[in-house]
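> Questions regarding the structure given below will be posed in turn.
Each reported figure results from applying straightforward, stated rules to the coordinates on display, with no laboratory input. All figures in this text were calculated on a predicted structure; none of them were measured in a lab. Positions of Cβ are backbone-derived with ideal geometry, glycine not excepted, and every protein chain shown enters the neighbour counts.
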Amino acid sequence: MLNIEELKQYARLHVRTHSFTNIDPLDIINNIHLPPSEVPTKGAWDQQWVIAAEKCLKEGAMEDAIQCFNFARFPYPHTEQQKAASKELSVVFERTYAKDNIRKQTFNMNGKPFCVYTSNLHLHQPCLLVIGGIVSVKEQWKVFLKVGKKLGFSVIIMECPGVGENRTVYNTTSHRMLGQVLDELSPVANVNQTYIVGMSFGGHLAIKQALEDTRVKGITTVGAPLHYFFKDFSEIHVPFITQLTLSHVMEKNLEDVSPTLTSYAISPEELRDLHIPLTYIFSGRDEIIPTNDKEFLLENGQNMTFYEFDDVHGSPNHLDLIQKIVPLSMLKQSSSKKIAIRLGLALILFLTKWKKGWGKQ
């Protein structure tokens, strides 16, 4: 069972990556005393977030409502109320944001459906594919749908297997889901020039796909597991909430997660074969990704830009800088002619390099 204190701890980190306007999410967290419950219970995790979401809906605060539904189902839908919240999240998102330029499409892999959102699809500009990790739904990355046109990209946002509206199972072939999306969108987008932003486990899938798919021309990732996370999983004290989430997306018993993950690791030879540009953002106090993976990356990475922050997984306390690094890396990797945007982002990063205490290699 999920530990409510651990759940609240991670939620406090995740709320920093969202902009609430109508409510204070920390007030909601402080009023939670029980883990998600099969029976709607006052003070339970899912119940309190759903109450907050419904309040936001009544007040017309649609973005806050979407985020509350997201936290209600966090880290994955287990109770009936969490499953209902997950569905409502997508319904409200579509009702609020799905315009002519933002479309939802459904694909199937091994007989199981998964959904993506697309925007600004065009055959004469590069393609940006954004994929989150094992706890983040695609709706969290809507900012890319909005800024794609400004940055000059066709945009696809999607989820890891077992997350949100992705019903596939996380296994050693899951990365081919990315290739399938590119295949099916090739008539309407320039998928032969694809750049991937992959968060955490999404970054791992991106690297695996790039090793097989020459259409992928560059990757930017924040905290992707690479080698030792998978090989030494049973020894690196991965948070229990991450273990449970992996068990969910892999559809494995908890005790079977560690021995199964061994085969997911990227080998040194594979990483040395990755010659496309790779921008990697590492967190120095990452509680999920081991330091050995940083050493593995620095030893075997070929065409790499490496940033490190003194922060926990995903570097939520450095989001302002990550929001500049990610688009700048996309623009540089694609040799974009959006010179003014590139210079502006580069200047901001230069000015804050020493002030924020972060480094680049």
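> What do you get for Rg/Rh over region 1-142 if you use C-alpha atoms and the Kirkwood form of Rh?
Ratio of gyration radius to Kirkwood radius for region 1-142: 1.00.
> Hand me the trypsin sites (Lys or Arg not before Pro) from region 5-83 located in a DSSP loop with no more than 12 other Cβ atoms within 10 Å, in residue order please. Show your work: numbers first, answer last.
Working: sites: Lys8, Arg12, Arg16, Lys42, Lys55, Lys58, Arg73, Lys83; in loops: Lys42.
Here the trypsin sites (Lys or Arg not before Pro) that fit, given the DSSP loop and packing criteria, are Lys42.
> Continuing with this model, one more query. In whole percent, what relative contact order does the chain give with Cα contacts below 8 Å and a gap of six or more residues? Please report the intermediate quantities before stating the final value.
Details: 653 pairs, mean separation 42.7, N = 361.
Dividing the mean separation by the residue count of the chain yields 12 percent.
> Which entry in (1) 20.7; (2) 17.1; (3) 18.7 is this structure's computed mean projected area of the Cα convex hull in nm²?
Computing mean projected area of the Cα convex hull in nm² and matching it to (1) 20.7; (2) 17.1; (3) 18.7 gives (2).
> Percentage of Cα-Cα pair distances in region 234-308 greater than 18 Å, rounded to whole percent?
50
> Can you grab the distance from the C-alpha centre of region 1-37 to the C-alpha centre of region 64-91, Å, no decimals?
What the calculation gives is 13 Å, centre to centre.
> Could you give each residue of region 137-150 its phi-based ³J(HN,Hα) in whole Hz, using Karplus coefficients 6.51, -1.76, 1.60 with θ = phi - 60°, and x for Gly or Pro?
Karplus values, whole Hz, x for Gly and Pro: 7, 4, 4, 5, 9, 4, 4, 5, 4, 7, 9, x, 5, 4.
> In deg cm²/dmol and to the nearest 500, what is the mean residue ellipticity at 222 nm of the chain if only DSSP H runs of at least 4 residues count, each as -39500 (n - 2.57), divided by the residue total? Don't skip to the answer; put the middle values down first.
Details: 15 runs with 158 residues, N = 361.
Dividing the helical sum by the residues of the chain leaves -13000 deg cm²/dmol.
> What GluC sites (Glu not before Pro) in region 1-38 are in a loop by DSSP, with at most 13 other Cβ atoms within 10 Å of the Cβ?
Within region 1-38, the qualifying GluC sites (Glu not before Pro) (loop, at most 13 other Cβ atoms within 10 Å) are Glu38.
> Any chance you could list the semi-axes, whole Å, largest first, of the equivalent ellipsoid that the Cα gyration tensor gives for region 150-195, using √(5λ)?
Details: eigenvalues 99, 31, 16 Å².
Sorted largest first and rounded, they come to 22, 12, 9 Å.
> What are the principal axis extents of the Cα atoms in region 188-340, in Å, biggest first?
50, 34, 32
> Is there a pair in Lys8/Lys142; Lys58/Lys87; Lys142/Lys337; Lys58/Lys99; Lys99/Lys146; Lys112/Lys252 whose C-alpha atoms are over 20 Å apart, and which pairs would that be? Write out the running numbers ahead of the final one.
Details: Lys8/Lys142 24 Å; Lys58/Lys87 18 Å; Lys142/Lys337 24 Å; Lys58/Lys99 22 Å; Lys99/Lys146 11 Å; Lys112/Lys252 17 Å.
Among Lys8/Lys142; Lys58/Lys87; Lys142/Lys337; Lys58/Lys99; Lys99/Lys146; Lys112/Lys252, the Cα-Cα distance tops 20 Å for Lys8/Lys142; Lys142/Lys337; Lys58/Lys99.
> Also, I was wondering about something else. Could you grab the Rg to Rh ratio for region 152-239? Cα atoms only, Kirkwood for Rh. Before the final figure, lay out the partial values.
Details: Rg = 13.8 Å, Rh = 13.9 Å.
In region 152-239, Rg relative to Rh is 0.99.
> Same structure, new question: Please give the Cα centre distance for region 275-344 versus region 188-249, rounded to the nearest Å.
14
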